[in-house]
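K.L.:
Right, I'll just put the structure down here and ask away after.
Bear in mind these aren't lab numbers, they're just calculated from the coordinates by the rules spelled out. Computed from a predicted model, the values in this text were never measured in an experiment. Please note: Cβ atoms are built from the backbone with ideal geometry, for glycine as well, and neighbour counts cover all protein chains shown.
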Amino acid sequence: MAPIIDEWDPLENVTSFDDTGYGDVPSFFDQIMVPGPDYNGADNTMLPPDISNLFSDQDWFGEMDIFGTDFVPTMDEALAIPPWPSPSTSVPNEVVQAASSSGQALSRSEHARKRHAIYQQSPWLWYPEKRQNAFSEHSSIQLDETKLYSASSPHQPFAEASIIPDKLSMNSRDRIFELILKTAKSQVSMASFPSAELLEVLMKMGIAKRLETDAWIHPHLFHSETARPELLTALVAAGCVCFGVKAISRTGLVLLEIVRQALNKSVEDDNSAIRDLQYLQAMMLWLDVCAFCGFKRKMEIAESHLQPLVTALRRFGKFDSVAYSVIIPAASDTIEETEEKWRRWVEIQSYTRLVHHLLEHDLLITMTKHRNPLISYAELTLPLPANRELWLAPSAETWRTAYLAKTHGVRQQRVSVRSLLTDGDLVNCLPPDIDGKLAITTYLYGLAAQVWEHQQQSTVLNVAHGTSDASATLWLQSRHQKLCQLLQATSPGLAGTSPTTQMFQDFLLSTLHVSLDDVIRFAGKCGEEEAHRAYQALQSWSTSKQARTAIWHAAQVIRWAKVTPPYQLRGCDSFLAYHASMILWAYAMMQRDAARRTARSSPQPGGPVERDTVSGLMANGKPPIIFLDGPKTADTDAFVHLNSGRPCLQLPASKQAPSAVPLLGDLKNPQSIMAVCVEVLERNAPSEERAGKPQMIKCLCDLMSELGSLR
């Protein structure tokens, strides 16, 4: 539910976007935002930052003693949100329009040097140094248990960890220790190692984190004594990453580097490991965490290592229904027979859930990092995962009772993601033994693959050789309309799912109405010429209903980001919020440019202050403010369809600082939009300064702040 906003007097103390001090250095966006025939690329231009350049590569630990620091806060400390700083002029019941400040002007030579350094750090020019390896960032890790005085975490799964019955023995603890020593060898030294009790807490948190969503690791049949050491270490590392504390999260990344190397060595020593469920689960764990960790090297390695896992499961036959036998318990089964059936059923379901989680991971990488998916939805005929109540049954008897109660001992129809995409109405009439929430989520990711296909076809058919095929255009329009209808029809079923899933739905709807590639190119990723070409495309787009629909759904992504629990925006969801912010920012840039060209620019500092009430028009005839990041209303519909009203984003004062003045982002002021979006991301880690926030959040906020400060 969106926050309730009192009636405000917005746009107080407006800082003009044009109030910058760059001297004689041409503005990048002023240079590219000119009519086509007049465009000439300039050399002395302030290029905007590229997202990849903001991600750290080396020395992300520095001289910090990772395990020798009191870095685990109590629950209250972790969740405590400090007061938000009030603006220079604080007026009760008013809104300050967010705006970024400009920096000191740089000389031409400084700009050239800065551009060159940024370009050298771009991903296509990234070359590892000689003898650089996974452990070159640090040479000593001191595992001092006395410093780990608390095991609390700001994450939700800590409460759920109590349902996991397994106890980590000293033998299992020693196997983890042995794996670390054998893998890291002399590259990492350790003076001590945590106790089995502490590792157990971290391990259970790693499992419990999976229970928040699709629960692809069974909590009740997990036994650390028989588990592979790679899986144990990966779970401990995943538990470390659950903490909203920089030091302990990075410790988890160190352990995942060890897991990655250990997995590679295991399959080289014994090829049969690639067919072992626990091996595949350990691989999925490190891919999950590292693909969105915020460190460029680790993210690139994780993205490139997704293919082996996909290939292993495909060649194992786990994408096909024939690999999954039907197991039905009977009331007449003995205790031993029921126990055996339950264990076989859990193993089958573990593969089912792993494959569907892999599909989700693959599509998130596809949509956020713009690369082709590795899995085709058409090849997935395996059955959808079973009901969550059945899956999380703590014993064989409980499982049998629940199964018979739901199915009455009758064999149910098997439904796959392919059959859902064939007939979307099946989502509303699933058999009782299927996990309904997970089914609708999987269906959404299947639609995401089709959205990606539509975008590729649209690019080819609309751009190639400048041709316009009427039949192709008609097909694209028809397919676009159908995809929009299918995505919107998922809304009722997505109620109650995670904010990330609902963010993803609105993100897909937004990208159906704007070329995200044009937005990225306009931001300057590929240089001036491509930015100018994208500007021309976005200029005509910005006045259309397509643009208003795109920013409506992009603002809804920001809305879901605002209600995401603390410390949960740290992976793919933060990427979704970033892309949504870029869409809003690009629209604001187009609106500001149009206002400049028609002499309707924003007021300069020191001029008359604009004041609009939320409820309606003022005497000066200004249109009413429409909050796009709130619930859908008649006013938002009027804006989308009729371009009625003044679109804005809202960011109320936090409950911990009720006297603070809320922020407002005007869709005609790019600076204020970026400032609001940055604040949304930063508030998700409320107890940390930006330098101490999760790496992904820090990098994205740095990038967006730099981009918002450019002219």
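K.L.:
Using θ = phi - 60° and the Karplus form 6.51 cos²θ - 1.76 cosθ + 1.60, what ³J(HN,Hα) does each residue of segment 315-323 get, whole Hz, x for Gly and Pro?
P.N.:
5, 7, x, 7, 8, 10, 5, 5, 7
K.L.:
Considering only Cα-Cα distances, which of the following residue pairs are longer than 18 Å: 406/437; 545/668; 525/562; 209/298; 525/698; 185/265?
P.N.:
525/562; 209/298; 525/698
K.L.:
What number do you get for segment 490-567 when its Cα radius of gyration is normalised by 2.2 N^0.38 Å, N = residues?
P.N.:
Against the empirical 2.2 N^0.38 Å value, I get 1.29 for segment 490-567.
K.L.:
Kindly give Rg over Rh for segment 294-357, based on alpha-carbon atoms, with the Kirkwood expression for the hydrodynamic radius.
P.N.:
Ratio of gyration radius to Kirkwood radius: 1.21.
K.L.:
If you average 1/r over every pair of different alpha-carbon atoms in segment 206-365 and take one over that average, what Kirkwood value in Å do you get?
P.N.:
It is 16.7 Å.
K.L.:
So, one more: So, in Å, what gap is there between the alpha-carbon centers of segment 658-711 and segment 207-271?
P.N.:
32
K.L.:
Something else about it: Where the Cα atoms of segment 192-291 are projected onto their three principal axes, how long is each span, largest first, in whole Å?
P.N.:
Each principal axis gives a Cα extent; for segment 192-291 these are 37, 28, 28 Å.
K.L.:
Determine the relative contact order of segment 279-396: mean sequence separation of Cα pairs under 8 Å and six or more apart, normalised by residue count, in whole percent.
P.N.:
Contact order relative to length: 29 percent.
K.L.:
In whole Å, what are the Cα extents of segment 374-469 along the three principal axes, biggest one first?
P.N.:
66, 22, 19
K.L.:
Something else about it: Could you work out the per residue convex hull volume over the alpha carbons of segment 410-559, in cubic angstrom?
P.N.:
125
K.L.:
A further question on this structure: With +1 assigned to the C-beta of every Lys and Arg and -1 to the C-beta of every Asp and Glu, and no other charges, what is the dipole magnitude of segment 263-406 about the Cα centre in debye, to the nearest 20?
P.N.:
Here segment 263-406 has a charge dipole of around 560 debye.
K.L.:
Find the all-direction average of the projected area of the Cα convex hull for segment 328-390, expressing the result in square nanometres with one decimal place.
P.N.:
Its average projected convex-hull area is 5.4 nm².
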